[in-house]
Amino acid sequence: MEHHETMGPQHHMPEAWLVDYAAGTLDEANALLVACHAALCPTCRETLRLLDATGGALLEDQAPVALADDALATLFARIDAEDAAAEPARPGHRPGHQTVDLDALLPAGDGTLRLPRPLLAYLPTAPQDLPWRWNGPGVHVIDLAVGRHPGTRTVLMKIGAGRAMPQHTHKGTEALMVLAGGYRDESGDFFPGDVAISTGEVDHRPIAHDDGECLCLAVLDAPISLTGTVGRLLNPFIRF
Amino acid sequence: MADLMVLVAHDRDRRAFAELYAWFAPRVKGFLIRRGLDAQRAEEVTQEAMLTVWRKADRFDRRQASVATWIFTIARNRSIDELRREKRPEIELDDPTLVGDGLAQPAETAYAAGQEAERLKAAIGTLPEEQARLLHMAFFEDKSHSAIAESEDLPLGTVKSRLRLALSKLRAALGPVH
Ligand SMILES: [Zn+2]
Ligand SMILES: [Zn+2]
């Protein structure tokens, strides 16, 4: 289980999702996934830079629509008014960012573990206090509140070292990214930053690598359904 | 344009800002109308976007993006808030978890981003009609690739492969700056 550190992730965000992210049409949950992947993936980050530049070029080509004649004067007046209303100096830190020790999140595995910053704003508590919920043997999850897209779930998922998710397929699309550790399923090995998009055509049983817990961020637009013999019995109890 | 931004950032130069405003504000307004805002709301949001340009001028980094690109990202983010009431999780180049350089491809000169923009515009102009159309729909009509597939009555795979082709052409047009 070699980890290709210098190359960045091997399994990328589909380019159509990068386009949606750059154009601003991707829902917040999947946009979070793109932002987290991009933090760990120089290749997709460069594609996003190209796409932003494309947006800029298209903006320049956009047919202009006149504003009110006094629009600029109005704006300057607003700037003057705001400046005059003695603004209290803003503190340097940005809201939503927690400055806790993230290494405490996963006791096992890589001691240098950190979570991509876009994710931090969505954690309900400090990472070491996260209210993990049991979701089958060896599997713990937390639902995150991300965006307003109806029917979309964003889940932080932790699979114990060497433990397996139950065999399952998907009623919709499951987009999953490894944050720490790694897992293996029918389609290969996945390491931090790697993305797997699964639909109803995929029936898999992800197993965390033996060398530590596997932490993943998943976005689902429909429930999964368990397909193994034991799984079918568990279906009513495992809420995915 | 980048020189004007520098004047705005360093000297709070209102004439420089007025020049930027004259070029960009009507385009931002047009962009927001095409994305689905009514004319009045588009004008208000344009004002807010241009206010951001004034307030955050010192965040503009000419090595990283052209002025048009930077203003596009501001207008885009405002429109997400406006149209969907959602936030936009952003990549932060000073994120300590970042793998690789913050600037994925550091521009070799301060003017590289501007040159890149020119080449990119030319490349967009030479894209086959069906690819250019998809890009326009994605960026201007607030349509995700699956919404485009639906409204154009195209298989999802076709939309994806056209977008992929368009991107590889744009990438090739930029190439390494020498
Ligand atoms: Zn990638
Ligand atoms: Zn799955």
Of those in the range B:51-69 that are without any contact (Cβ under 8 Å) to a residue 12 or more places away in the chain and within 11 Å of another protein chain (Cβ to nearest Cβ), the residue nearest to A:GLY56 (Cα to Cα) is B:LEU51
Subset of the range A:16-70, residues in a loop (DSSP other than H, G, I, E, B) and within 16 Å of ligand 1 (Cβ to nearest atom), comes to A:LEU26, A:CYS41
Just checking: which of the helices (runs of 4 or more DSSP H) contained wholly in the range B:108-160 hold 3 or more residues that are surrounded by fewer than 16 Cβ atoms within 10 Å (Cβ to Cβ) and touching a His at 6+ places or on another chain (Cβ under 8 Å)? none
Residue list for the range B:35-47, restricted to those being in contact (Cβ under 8 Å) with a residue 12 or more places away in the chain and surrounded by fewer than 18 Cβ atoms within 10 Å (Cβ to Cβ): B:GLY36, B:ARG41
Residues of the range B:21-68 being under 22 Å from A:ALA53 (Cβ atoms) and among the acidic types (Asp, Glu), which ones? B:ASP58, B:ASP61
In the range A:157-185, anything buried (at least 21 other Cβ atoms within 10 Å of the Cβ) and basic (Lys, Arg) is listed as A:LYS158
Run down A:GLY138, A:GLY181, A:GLY172 and say which single residue is away from ligand 1 (no atom under 16 Å from the Cβ), within 14 Å of chain B (Cβ to nearest Cβ) and touching a strand residue (DSSP E or B) at 6+ places or on another chain (Cβ under 7 Å). A:GLY172
Odd one out for A:ALA89 among (1) at pLDDT 90 or above; (2) farther than 30 Å from A:ASP211 by Cβ; (3) among the aliphatic types (A, V, I, L, M): (1)
Picking from B:GLU48, B:GLU44, the residue that is under 24 Å from A:ASP20 (Cβ atoms) and more than 9 Å from chain A (Cβ to nearest Cβ) would be B:GLU48
The condition of being among the basic types (Lys, Arg) and surrounded by 20 or more Cβ atoms within 10 Å (Cβ to Cβ) holds, among B:ARG27, B:ARG59, B:ARG15, only for B:ARG27
Would you mind telling me which numbered condition in (1) touching a Gly at 6+ places or on another chain (Cβ under 8 Å); (2) at pLDDT below 95 A:PRO64 fails? (2)
From the residues in the range A:187-217 that are small (Gly, Ala, Ser) and within 11 Å of ligand 2 (Cβ to nearest atom), which one is modelled with the highest pLDDT? A:ALA196
Quick one: how many residues across the range A:37-46 are more than 7 Å from chain B (Cβ to nearest Cβ) and surrounded by fewer than 24 Cβ atoms within 10 Å (Cβ to Cβ)? 1
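Conditions (1) within 15 Å of ligand 2 (Cβ to nearest atom); (2) assigned to a strand (DSSP E or B); (3) farther than 26 Å from A:ALA39 by Cα, marked per residue:
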| residue | (1), (2), (3) |
| --- | --- |
| A:TYR122 | no, no, no |
| A:THR125 | no, no, no |
| A:ILE142 | no, yes, no |
| A:THR154 | yes, yes, no |
| A:MET157 | yes, yes, no |
| A:VAL178 | yes, yes, no |
| A:VAL219 | yes, yes, no |
| A:SER225 | yes, yes, yes |
Within the range B:1-41, can you find the residues that are of a type in the set (Gly, Ala, Ser) and at the interface with chain A (Cβ under 10 Å from one of its Cβ atoms)? B:ALA18, B:ALA22, B:ALA25, B:GLY30, B:ALA39
Residue that is assigned by TED's automatic domain parsing to the domain that holds B:ALA75 and under 19 Å from the mean Cα position of the chain (by Cα), where the choices are B:ALA16, B:ALA9, B:ALA22: B:ALA22
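The values are calculated or read from the model by the stated rules, or taken from the named source; none is laboratory data. Computed from a prediction, not measured in an experiment: that's the story for all the values here. Because the Cβ atoms are built from the backbone with ideal geometry, glycine has one as well, and the counts that use them run over all protein chains shown.
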